[in-house]
Structure formats: structure tokens, C-alpha cells
Amino acid sequence: MSVQKTNLSALNVKAGVSPQETISSNAIRQIKEFRKRQPSAQELIDGILTGNITALSRAITLVESTNPAHLEKATAVIKGSLPNANKSARIGITGVPGVGKSTFIEAFGKHLTSLGKKVAVLAVDPSSTISHGSILGDKTRMEELVKDENAFIRPSASGETLGGVARKTRETITLCEACGFDIILIETVGVGQSETAVHSMVDFFLLLKIAGAGDELQGIKRGIMEMADAVVINKADGDNIKKAQLAKVEFNRALHLFPAKKSGWTPIVATCSSLTKEGIGAVWQTISDYIELVHSNYYFAEKRKEQNLFWMIETIDEQLKTHFYTQPNTIELLESTKTAVQNNEVSPFAAAQILLDNYYKK
């Protein structure tokens, strides 16, 4: 007698329940019309100043747009928001991929909202150099913070900018400040020149490290360490606590080799666990102490002035570059010049001069 075996699978198809017609066609039409309607610059400004997150999101999308037609409107929104900006603490957070930036930011952000702070997180996702796409999964990784009514998370694709941060991130900060967020956290891609760009737009620069990933001195790169106002050894929990303490000693020794900062601040090294929340409160206390110091010695205001000047020059450079590459006569000549350079018929430097001479003749 044979016994027929039943193959069980997790991929069983179960009969569904037919949805009821609970949404009227009129409501659907109104929603579609609302989404299609483009609010004016003044409507976006009014919404941002009243704390409307939808208006803030749409304004950021406008700022991030590469459509030249959106530039004038985006500029008007920024101009209207500027008088209500510059009242936040801007904190840059960087570290190599895998250091736990998203987990740290969620734990840190939740700590800040528990203190009554309004927190905006500008998370930059690296763009593929092949497909030019980004996953934009920061909201998924910060599943608790994203549900907090006092938090706003905006993931953005890095695109082709300096490691993922440039003028658009700088202007997004302005919009978030005008919307009432008093703490702005900027997460870098963690590679390339993004750290330099972030450092030029924040008040406090936090470097996340992990222990047990090899010789700790390998992680001490002079440029990034000189920019850091604090080094935090993340994942200091379980069997990793001892390693984290040893790493803390190594980094403390290294920091004493660097010149003193113009701010008068002495960078600190700390440990924390984003999982157990151990040390998270101490990190905020360190940042608070720094902010108090630089306000008292007027370095805070001076640094903001230097950053504004820096971004003015950067914006000019960017606009000139964009204007050059979008001129019809430049586009036409560029293709033939590229071929000549590739075939060694003309040097790259001479080719560049030909293109620039052609551009200046206009």
C-alpha cells in the first residue's frame, strides 16, 4: 500500500478576500489632482514656515531637481525660507560603510526627540556608477525613528557630487531649519571627499569607528582625524567592549599628535553601543559642551560666516560648469574634440583650450 506524500511549501497560494468598494471615485480623482498640482513658491514657503512636512518634502524635491526650469522656483523658496533658518545645530556624522551609522543615528535621534528636540536626518545614499541608481533604504534601517513625529528623515541619492553632498544638501539644511527642526544630522556616504564637503556645512563633525577590524592605527588618517571634533567607537557591546576600550586609548594617543583647533576645543574619544544605548547620552552631552564653548568664544558665528562664503564660491563654480556644458555650440564641438583626444590627434590640454576659446567667443 502506497502512501502519497503531500509536499508542503512556504509559497502556498491562499484564497484572498475581494476588497470592498470603500473609496469613492470622486475621492480618487481629488487625490490625483492634488498630486498633479504644483504648488507655487509662496505656497511652499508658507507650508514650510508652519511646519508642514509635505511642503518641506516637495520643496526639497524641487531643490534636488536637475531640471533647469525648476531652478528659479527653488531659488525663490530658499530665499523665502532663509530669514527663519540658521537657528539649528548642524552635526555631520561619518564613518566607513559597516560602522553602523544608520543604527547610531536612529539611537541618537531617538535620544534627542526624548529631550524634546526636533530632528531632521539628511541621509545620503551612494549612487551606482553603472546604473546611477540608489537604494535609498535609510528609512527602512531607521524604522523606529521614522515613526517619531518629531523626526524627519530624507534619504537622497549622492549622484555625481562630492561624495554625495554639495549645494543641494546645503540648501536642504536651510529648508529644514525654516521648518522648525533644531537639530540637523547629516550622514555622509563615508567614502571619497564627502567628509570634506560635510565638514564645510556643519558645526560639529563626528567620526564613527569600530574596534576589532584590524590594527587601530590603520584607521587614523590625518585628514579625517583633524576634521573630527569627536571620535566615537561604536558597537561597544558584548565581547567587543574590551576591544573598544583599547581602541579608545589608541585614538586618544593619536589625537594628541595633531595641532590645536581654532575653535579652542579639544577633541574627545568615547565609546557607545547603538544597540544597548550605552554612551548615547554622553555623546549628546559632548556636543552640547562644544556648542556652548564655540558660542562663548564667538567661533560659532565666525565659522558660519566662512561656510557661507565657501558655498557662495562653490555655487559660482558649479553654475559656470553647468552653463559651459549646456551650450549648444560647446556640446557639438565637445564630441569631435573627444574623438581627437582619444586618437592622440591633439593633447588633452590643447583640446580643453580649444573648447574654452570657443565658449568665450560667444
Going through segment 245-263 one residue at a time, which ones are in contact with a strand residue (DSSP E or B) (Cβ under 8 Å, 6 or more places away or on another chain) and under 15 Å from residue 230 (Cα atoms)?
-> 247, 248, 251, 252, 255
Top-ranked residue in segment 221-271 [being among the hydroxyl-bearing types (Ser, Thr, Tyr) and part of a loop (DSSP other than H, G, I, E, B); ranked as farthest from residue 300 (Cα to Cα)] = 266
Residue within segment 260-276 that is of a type in the set (A, V, I, L, M), under 21 Å from residue 97 (Cβ atoms) and crowded, with 18+ Cβ neighbours inside 10 Å present | no
Residue match in segment 292-313 (condition: among the β-branched types (Val, Ile, Thr), closer than 27 Å to residue 253 by Cβ and surrounded by 12 or more Cβ atoms within 10 Å (Cβ to Cβ)) | yes
Is there any pair with a first residue in segment 308-332 that is within 18 Å of residue 67 (Cα to Cα) and a second that is in a helix (DSSP H, G or I) whose Cβ atoms are under 7 Å apart and which are 6 or more apart or on different chains, and what are they?
-> 315/167; 318/167; 324/330; 324/359; 327/359
For residue 311, state whether it is of a type in the set (Phe, Trp, Tyr) and touching a Phe, Trp or Tyr at 6+ places or on another chain (Cβ under 7 Å).
-> no
Can you find even one residue in segment 15-24 that is outside the structural domain of residue 156 (by TED's automatic domain parsing), surrounded by 10 or more Cβ atoms within 10 Å (Cβ to Cβ) and at pLDDT 65 or above?
-> no
What is the residue count in segment 96-145 for residues that are of a type in the set (Gly, Ala, Ser) and at pLDDT 90 or above?
-> 5
Subset of segment 326-337 that is assigned to a helix (DSSP H, G or I) and exposed (fewer than 12 other Cβ atoms within 10 Å of the Cβ) - its residue that is farthest from the chain's Cα centre (by Cα) = 336
Expected single match for at pLDDT 85 or above, of a type outside the set (S, T, N, Q), buried (at least 18 other Cβ atoms within 10 Å of the Cβ) and not in a helix (DSSP H, G or I) among 80, 51, 92, 47 is 92
Please work out if residue 285 is modelled with pLDDT under 90 and under 27 Å from the mean Cα position of the chain (by Cα).
-> no
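The values are calculated or read from the model by the stated rules, or taken from the named source; none is laboratory data. Since this is a predicted model, take the numbers as computed values, not measurements. With ideal geometry, Cβ positions are generated from the backbone for all residues, glycine too; neighbour counts draw on all protein chains shown.
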